[in-house]
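Since every read-out is calculated from the coordinates, none of them should be taken as a lab result. Nothing here was measured: the structure is a model prediction, and the numbers come from that model. Methodologically, a virtual Cβ is constructed for each residue, glycine included, from the backbone with ideal geometry; neighbour enumeration extends over all protein chains shown.
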Amino acid sequence: MKQQYKSYQETICFLEECVRLYPNIITIQNIGTTWEKRDIVLATISLNVEHADLKPALLYTGTVHAREWIGNELGVEFIDYLLKNHQSDPKITAALTKNTLYLVPCLNPDGFEYARTHFSFWRKNRRDNKNGTFGVDLNRNFNIGYTKVSDTSSNVYSGPKPFSEPETRAIKEFVDTHDNITIALDYHSQGNVFFPAHNFNHEKELDGTDLNILCANMNYEIKKITGREYGIHRGKPPTKLISGSGREYYYSKGILSVVVEVGTRNIPDYMQNMKESVDENIPALLFALKETKNYSFRAPKRVKNFHLKSCDCDTISLEWEHSEYGENLFFKIYRSEKEKQACNDANLIATTKKMEFTDIQLKSATIYYYYIRAVDMINNIESPYAPKVRVKTNLEKDEFSRTIFPASQDIGYVAQKTSEQNREHFGVNSLFVGINESKGISYAVMNFSLENLPKDVIIQEANISLYPMNRVNAKIEKYGEWSLSFIDPKSIAEITDFDQVHNAEIIETLGDSIKSEKLTQGIWSNWHFNALERKILKTQIENGSVIFRFEGPKKLPVGRDSQMMMFDIGYGKFGGGIHYRPALNIKYTVPSSEIKIKPSTISSIAKDKITSDFLSCGFDKNGDKIYGFMEFDLSNLPSFDETVVTHAYIEIHNKKKPKTEQDMRYNIEFIDIDNHTYEDIKVRERIEFIGYEVSKADLIKHDTHHFLFDSFSKIELEEAHKNDKPVSFIVKATSSSSDKNHLINWHKKDSEHEVKLIIQYIKRRKYGVSKATNLKTTKDNGIVKISWDNPKDEAQVGSFVVRNRFHPPKNPYDGVKLYAGSDNYTLDNYGSAKVDKYYGVFTYDDVPNYSEGAIVEYKSK
Ligand SMILES: [Zn+2]
């Protein structure tokens, strides 16, 4: 049978029937009466519903906008699901035992019915404005940020004053008298995106992590059903989009408040789209219901001062504080490699009672996000999340990295129908990629200069990241995909010309492409280069730059007008600044140089004599060991500070094949020794064995042998170089039982096959430059200006400035990036001068190695 949207009256009948069937779980009440005298009905659902108001609660509101029917439909379906399954699904039982659901399926009954029966695109309520126009946009009629709109015919007419409407007054009164509400979800359509509340000032909020994680966890549930990922879009410019909305009102009452935009059209094909949207949102709602207790007064307090303690290329240490620390409290720590990902068992990396944690086996030069919450073991209630910590691990010793941004004139979009203006689409605001009726086909073009990379780089990793900022224009679900291609620079003279971009020669399209339902606004999209793509990138380094064309679908199905995505450009008035600029990230190394070092000394050290310039080992006539001793001078290596040993090995040749019945094996030890007497050698301090031992059979088969240094020995080698010390080794024979008169001769001094120490190394700075000094903040026209003195060191390339509202940033990536470059000041253009915060300045060299951060605390007063 064809399923259709429930009308207002059918919804009321459904709720009344629920109360009749499940009187212990659901009650309904009328919280207000509309202009057209309809009841605004709120359902309360909880086990032992008479105690519902004593439990933490989720507030659901739907269809505040008349034409957004999903709100009413999803509300009804969610109630139906809870009631029908609460006896068979322990998750529902648990959720309804400890939490309460307040659900208003339709906050705008008059508008909803008008949209259903007269004009499907109606948005407002049905107030008679007494001038021939009708309706107030209820979602502009709340008091927070209320803005008066004079045109009563406007779709966003905000009413004569805040709370002038019975619908907004009704929900306000309910919320004001129910301080057990901890989470509020307001269901709208369309966009498949979460819009968590924020304070409209571009600064992170203490509960920002909670809001993002709540949405990310709901997203996880959605993805399980349909594979779709909603966007999570919070607190990024332009922020002043909504004024006087319900979300802001609930948020102002301390409630975690989110607008959920469901679906891709207001009134889509029910079977095809709406059923999917309902099905995927039910488990997400159930998740949110279970979370309400974790934000109630019974929950443990949020962890304080969660911050990075130390970090290197594969290890990150974190520490924190907690005021209620004691027997019954433990901590859960989650780690993600992407922002705004769920926190659940899949990425729970530690539960601990300690106030510190060290994470190991990490990848170098990789950004990690850490989250923490405290858990009360007795009643299993969890705390809100501490603000997240973001850390980028250091590079490995032989690695370099570059983050390359296009210059402003080198990034923009070209559209088919805007040929006159295409030039002006460069360096400002956003990239439009896809197709719509007014622009036609639209491509983004990005040209990255690769001049600063050495020509002989060995690219280990490369990726491009772009920030999708708006998918409201992507109206067609599951249609088209977005992909990036290398274009041949020789086939294009002018990147601002549509025809040239359209006809440009494609070298290769990156293997990663992103399908429409996975393009989530507010979450970075990343394209990782495979081996072939890295090879192409490498050839472009020889050209000095690389050009990418970014494209979406090029055709629209019948009856559709747009399938267009917007990505931030990071430049211009509506761009989000450098933090959101498209970037090409490259991790690379360079070919090694090699040096072959002949020994400064070799000798054979037996109990009764030392033979110079001669290398042998074995056992003397009494069965005492004879040691071959070698010393190498490292002074021909370049300076220690700029030498990274990548490989080292000893090459040694035996002159004759061993003649013994014994099972003999030979090894080389790296030793620390001052005198070369037999007694000293016998009680030697061994640093490490070099490589693997070789057997008698190996010596019979070959006469050249390589003993490879492990990582520790390479460090020791560098250490000796640092201290201008020669390095010493012995070669010796071992056997399972004692032997006598067994000697292996290795080649002697200055012969062609003399033993050698072979070192491969790259020239790379090991340490960063000194940190910035004299860091201070001043106010410049109401904007915070951060200034500092750069160290007087020619090796400094620049300074990296990061802002963190909650803790001093100990890593350049722990916060919002404000600046990277060679100046000694920057402005916090997007931040608020009215908010206390920390700024960190990290100087860097050409590797880059970052200095320890210079930190300044900014106080608004
Ligand atoms: Zn809406």
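Numbers for the structure displayed
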read-out: Net charge of Cβ neighbours under 9 Å - reference Lys309; Lys, Arg +1; Asp, Glu -1; value: -1
read-out: Chain lengthening between Asp663 and Ile378 when straightened (0.36 nm per residue, less Cα-Cα); value: 96.2 nm
read-out: Exposure proxy ranking, count of Cβ atoms within 10 Å, fewest first, for Tyr627, Tyr443, Tyr5, Tyr114; value: Tyr5, Tyr114, Tyr627, Tyr443
read-out: DSSP-defined antiparallel bridges as percent of all bridges, the chain, nearest 5; value: 90 percent
read-out: Long-range amide H partners of Arg373 with built H, under 5 Å; value: Lys332
read-out: Vicinal HN-Hα couplings computed from phi for the stretch 768-777 (Karplus, 6.51 cos²θ - 1.76 cosθ + 1.60; Hz; Gly/Pro x); value: x, 7, 5, 7, 5, 10, 6, 6, 8, 10
read-out: The stretch 395-512: relative contact order as a whole-number percent, Cα under 8 Å and 6+ apart; value: 26 percent
read-out: Estimated FRET transfer efficiency when R0 is 25 angstrom, pair Lys573-Lys834 (beta carbons, to 0.05); value: 0.70
read-out: Extension gain, Ser592 back to Ser770 (0.36 nm per residue minus Cα-Cα distance, nm); value: 61.3 nm
read-out: For a label point 7 Å along the Cα-to-beta-carbon line of Arg684, residues of the stretch 733-764 with backbone N under 13 Å; value: 733-734
read-out: Centre separation in Å (Cα based) which lies between the stretch 297-350 and the stretch 493-564; value: 38 Å
read-out: In nm, spacing of pseudo-spin labels at Asn129 and Glu752 (7 Å Cα→C-beta vector); value: 10.0 nm
read-out: Residues whose placed amide H lies under 5 Å from that of Leu743, excluding near-sequence neighbours; value: Phe619
read-out: Sparse-neighbourhood loop sites, trypsin sites (Lys or Arg not before Pro) in the stretch 1-37 - DSSP loop, at most 14 other Cβ within 10 angstrom; value: Lys2, Lys37
read-out: Estimated [θ] at 222 nm from DSSP helical runs (n ≥ 4, -39500 (n - 2.57)) normalised by residues in the chain, nearest 500; value: -5000 deg cm²/dmol
read-out: Integer Hz, Karplus 6.51/-1.76/1.60 couplings in order for the stretch 248-264, x for Gly and Pro; value: 5, 5, 4, 4, 5, 8, x, 9, 5, 10, 9, 8, 10, 9, 9, x, 10
read-out: Footprinting exposure proxy for Val258, Val856, Val727, Val801 (fewest neighbouring C-beta atoms within 10 Å first); value: Val856, Val727, Val258, Val801
read-out: Calculated FRET value between Thr315 and Ser513, using beta carbons and R₀ = 30 Å, to 0.05; value: 0.30
read-out: Descending principal axes extents, the chain, alpha-carbon based, whole Å; value: 116, 67, 61
read-out: Relative contact order of the chain, defined on C-alpha pairs under 8 angstrom at six or more residues apart (%); value: 9 percent
read-out: Part-to-part distance (alpha-carbon centres) for the stretch 586-615 and the stretch 168-226, which is given in Å; value: 67 Å
read-out: C-alpha center-to-center spacing [the stretch 135-160, the stretch 699-718] in angstrom; value: 78 Å
read-out: Taking the stretch 1-110 and dividing mean pair separation by its residue count, relative contact order in percent (alpha carbons under 8 Å, at least six apart); value: 34 percent
read-out: Prolate/oblate/rounded label for the stretch 629-710 (Cα gyration tensor, a/c 1.5); value: oblate
read-out: Around Ala299: net Lys/Arg minus Asp/Glu count, Cβ-Cβ under 15 Å; value: +3
read-out: Cα-Cα over 30 Å, subset of Lys596/Lys771; Lys779/Lys817; Lys392/Lys518; value: Lys596/Lys771
read-out: For Ser419, net neighbour charge (Lys/Arg +1, Asp/Glu -1) across residues whose Cβ lies under 14 Å away; value: -2
read-out: Long-range amide H partners of Tyr819 with built H, under 5 Å; value: Val801
read-out: GluC sites (Glu not before Pro) restricted to the stretch 718-761 and DSSP loop, no more than 14 other C-beta within 10 Å; value: Glu752
read-out: In order through the stretch 48-57: 3J(HN,Hα) via Karplus (6.51 cos²θ - 1.76 cosθ + 1.60), integer Hz, x for Gly, Pro; value: 6, 4, 5, 9, 3, 5, 8, 9, x, 9
read-out: Difference of contour (0.36 nm per residue) and Cα-Cα distance, Asp488 to His706; value: 73.9 nm
read-out: Exposure proxy order (Cβ contacts within 10 Å, fewest to most) of Met377, Met355; value: Met377, Met355
